[in-house]
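Please read the structure below before turning to the comments.
The values are calculated or read from the model by the stated rules, or taken from the named source; none is laboratory data. Because the structure is a prediction, the values reported are computed rather than measured. Note that each Cβ is placed from the backbone with ideal geometry, even for glycine, and that neighbours are counted across all protein chains shown.
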Amino acid sequence: MRADHLAHTLVVTPDNRHQVRQVLRLYLSYRVLLSLIFTLFLFTDMEPSFLGSSYPGLYIVTVLIYLALSLASFALCRTDLITADIEYVFAILVDSIAITLMMHASGGTSSGLGMLLGISIALAGIGMTGRIAMLSAAIATLAILAEAYLSLLAGTRSQPAYTQVAMLGLSYFALALLAHELSNRATESEKLAHRQGIDIANLTELNEYIIQQMQTGIIVLDHQQHVRLLNDAAWSLLGAPDSTVGHPLRQVSSALQQEFDKWQTTPSSRAHNLHAILEGEDLQAHFTNVGNPEQPGTLIYLQDASEASAAAQQIKLASLGRLVASIAHEIRNPLGAISHASQLLEESEELQGVDKRMTEIISNNTVRLNQVIENILALSRRTPPQRIPVLLKPWLDEQQTELINSHKLAQRQLLLNLSPADTTLNIDRKQLSQVIHSLVENAIKHFDQSRDKLELIWSAGILQESGQGFMEITDNGPGISKDAVDKIFDPFFTTRNNGTGLGLYIAKELCEMNNIRLTYLPSPMGGSCFRLKFRDSIPREQAS
């Protein structure tokens, strides 16, 4: 072992100062207990016969002084007025002198009291620096060596006990080295554990920060299906539920719980589509087991499926545009010829009865087919939106007048509500107008009763809970059946024999282009409600 390592000085820092003081108090407590035991032996019959056998008076005085000094050292340690190094040196010096005198009064090294001094050195070596630990061993060795020499001079022993003294001295140095080395190792291990604890804490905090900043929703469940982690993205995608970490998944989202139950039944299925809330985004959930195989947890990834759907729709539209471009001329020219021939036949005076009805059917269907082609062409030729801030009140009034005039409605049949009155939204006026006209026309076409009974309520403003702009078209019509709700925005889907199935689809695509979510909501009083929710948040001061 290198000398520079033995001379290593333990640096007392605020982190280990308390530990050094604890070891010192333990050592001083041992000294008080040891001195009390010797004092107890003085006043009872339990005292071993060899104690004080050579010099009884010296033994009694030494025991009493040792008790007094031990108590004084322990009391002084509680005040922290003196540094630990000085207290250690003073204590080991007192121990060396007192135990050596008691050993001399009890027959020398053969009494075995020298081992008590070894215990003191071992305890002191735990808290002392390397140099002081070696100094304490040297002081104790010199003390017992002096005792052996004085015993030989006084004639109490016929032969010197230098061999026993040497063995004790070596044991003192060995105990000091061992205690100090173990103390250093324990200190280094504690420092390493502390550093690793800090690193783990930092890494945990970094992981939590990364998870919270992720756009993908992350949910971690334990084996009892309780939520242990839920990042901000997942909380937002699930509709900001009140129940979060620590609650059962069923309380957080019943829709996600249903998909989780399905996944447990068929773990091979990876992606699960769901709607966490009625007006929420289309979500896609992925499940995987994590942790202990015996009691596995579950990691859930939540993603907004609207982006993937939008990309798929763009591919679909691109293919549709190429298809329309290739067949437009092939269809429109013969379609125009058929329409023109139908008109000529209708003007003929010789057509009667069934023949005239057939020409009407041809004319109506050519108009319908031409409308389909026009809609598809308009969809494939869309221009990017030019959104600008628009004060809604005058624009809505203008649109209301235009809708009433174009669809021949009474003023009472289209009511307009705006709150707050100064709402301003970033919109493309032309494209949003096309969406509103399409929704109003859809409501009119699907109203089966007398047209005079149709009532439309057009609401607009800002949602207080999210600070987002919205518009709603609500009617008092028959509503949409549950079987058709998921299909109404699909291209070419219609519930009318003479419908094209492109009106709502085009409205949906225009909304997506303008960062608007178009959803259908069944009206609680009957009828239908189409809501446009603008994904761009409104400044808080305007929303208030």
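Odds and ends about this structure:
- Taken over region 187-227, residues that are surrounded by fewer than 11 Cβ atoms within 10 Å (Cβ to Cβ), acidic (Asp, Glu) and within 16 Å of the chain's Cα centre (by Cα) amount to 1.
- Subset of region 199-222 (residues that are within 15 Å of Phe287 (Cβ to Cβ) and modelled with pLDDT of 85 or more): Gly217, Ile218, Ile219, Val220, Leu221, Asp222
- Being touching a strand residue (DSSP E or B) at 6+ places or on another chain (Cβ under 8 Å) and at negative phi holds for only one residue in Pro491, Pro389, Pro394, and it is Pro389.
- Test result for Lys487, among the basic types (Lys, Arg) and surrounded by fewer than 17 Cβ atoms within 10 Å (Cβ to Cβ): yes
- Within region 84-101, residues that are closer than 15 Å to Ser29 by Cα and surrounded by 23 or more Cβ atoms within 10 Å (Cβ to Cβ) have Cβ atoms under 7 Å from residues that are small (Gly, Ala, Ser) and modelled with pLDDT under 85 in these pairs: Tyr88/Ala124; Tyr88/Gly127; Ala91/Ala124; Ile92/Ser120; Ile92/Ala124; Ile92/Ser136; Asp95/Ser120, counting only partners at least 6 apart in sequence or on another chain.
- Look at (1) over 18 Å from Ile139 (Cα atoms); (2) modelled with pLDDT of 85 or more and you find that Ser53 fails only one, number (2).
- Boolean, Ile338 is of a type in the set (Val, Ile, Thr) and modelled with pLDDT under 75: no
- Applying the set (1) within 28 Å of Ala186 (Cβ to Cβ); (2) at pLDDT below 85; (3) surrounded by 15 or more Cβ atoms within 10 Å (Cβ to Cβ) to Phe74 leaves exactly one unmet item: (2).
- Subset tally (residues that are touching a helix residue (DSSP H, G or I) at 6+ places or on another chain (Cβ under 6 Å) and either farther than 19 Å from Gln258 by Cβ or not aliphatic (A, V, I, L, M) (or both)) for region 217-232: 5
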